[in-house]
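Right, one structure below, let's go through it.
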Amino acid sequence: MNPLVRWLKSMRHAYEGIQYALSTQPNMKFHFFASFAVLVSALFFRLPRTDVLLLLLAITLVIVTELINTGIEKTVDLAMPDLHPLAKIAKDVAAAAVLVTAVFAAAVGVAVFYSPVERWVRHREHPDVPLSIGSVWLYLALVALAVIVVRTRFRASGQLKPSLWMALAVSLGTLITLKSGDTLVGLLALVMCGMFLVMLYEKQGRSLAGILAGGLLGAVLTVLAFFLGG
């Protein structure tokens, strides 16, 4: 076989592997979505070349380990279709590799984006919007009503339904960030929202797309209401 044809064929097989992992593995979908958001943010903040290379390294490591994890899982399922302690260990160790690289990627993201985000926040003018218990309830009620309307709209068609709990959690985190005007406080609020996302995702019947949609809807509505109210 011609070396060029062999190379093109191997590339096609590799692309099919990526397609399979992306279409069947929820974690891979999340990694691709997060990578897209990170790269867009890198363009927005005009990060230097070294920081971009660090982000690309972190993204590559996470995706590669997720692909290896998927390959190991399918190989174990083929060799040992029944439950076996060694099969569980193999899958757990492969998943641990993904977790380690994901933590590394998160640490790189915080280290790279902290200073640019802090400078951006300091140069923005924050309206002195009074925030009381009553106004917080109004923000949450607005977000809850919007999410319920969207969920009702798509209930019959079975399309994407945003998570109400995620929308409310992100709304509170967004309010904390906007009102404080402090980068570290905002980062901690986002970390809490991320932990809540993981908790919801681990529960049965919670789709990643619905959780992310709920978070996005809660953030957008809260930001709009906050600045329009100011």
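The values are calculated or read from the model by the stated rules, or taken from the named source; none is laboratory data. What you see is a predicted model; the values in this text were computed from it and never measured. Neighbour counts are summed over all protein chains in view; Cβ atoms, including those assigned to glycine, are modelled from backbone coordinates with ideal geometry. Heavy atoms of the whole protein, side chains included, go into the accessibility calculation; ligands, DNA and RNA do not. Shrake-Rupley method; radii C 1.70, N 1.55, O 1.52, S 1.80 Å.
Starting from the Cα gyration tensor of segment 2-79, take the square roots of the eigenvalues, sort them a ≥ b ≥ c, and report rounded, prolate or oblate (rounded when a/c is under 1.5, otherwise prolate if a/b is larger than b/c, else oblate).
Oblate shape, in that a/c is at least 1.5 and b/c is the bigger or equal ratio.
Name the most mobile residue of 162, 81, 116, meaning the one with the largest mean-square fluctuation, in a Gaussian network model of the chain with Cα contacts below 10 Å.
Maximum fluctuation in the GNM of the chain, among the listed residues, is at 81.
Can you give the direction-averaged projected area of the convex hull of the alpha-carbon atoms in the chain, in nm²?
For the chain, averaging the hull's shadow over all directions gives 17.4 nm².
Could you give each residue of segment 89-94 its phi-based ³J(HN,Hα) in whole Hz, using Karplus coefficients 6.51, -1.76, 1.60 with θ = phi - 60°, and x for Gly or Pro?
For segment 89-94, the Karplus curve yields 5, 4, 5, 5, 5, 5 Hz.
Cut-off under 27 Å on the C-alpha distance; same-chain residues fewer than 8 positions from residue 203 excluded. Which lysines are left, in chain and number order?
29, 74, 88, 91, 161
Report, to the nearest whole %, how much of the accessible area of the chain belongs to carbon and sulfur atoms, 1.4 Å probe, protein only.
Carbon and sulfur together cover 72 percent of it.
For the chain, modelled as a Gaussian network with Cα springs under 10 Å, which listed residue fluctuates most, 99, 168, 208?
Maximum among the listed residues: 99.
Where does the chain land at 222 nm, in deg cm²/dmol rounded to the nearest 500, when only DSSP H runs of n ≥ 4 count, each adding -39500 (n - 2.57), divided by all residues?
After summing the helix terms and dividing by the residues of the chain, the value is -29500 deg cm²/dmol.
Report the local net charge at residue 70: Lys and Arg +1, Asp and Glu -1, summed over other residues whose C-beta lies under 15 Å from its C-beta.
-2
Tell me, what is the FRET efficiency for residue 15 and residue 75 to the nearest 0.05, using R0 = 30 angstrom and their Cβ-Cβ distance as r?
0.90
For the chain, modelled as a Gaussian network with Cα springs under 10 Å, which listed residue fluctuates most, 197, 53, 61?
53
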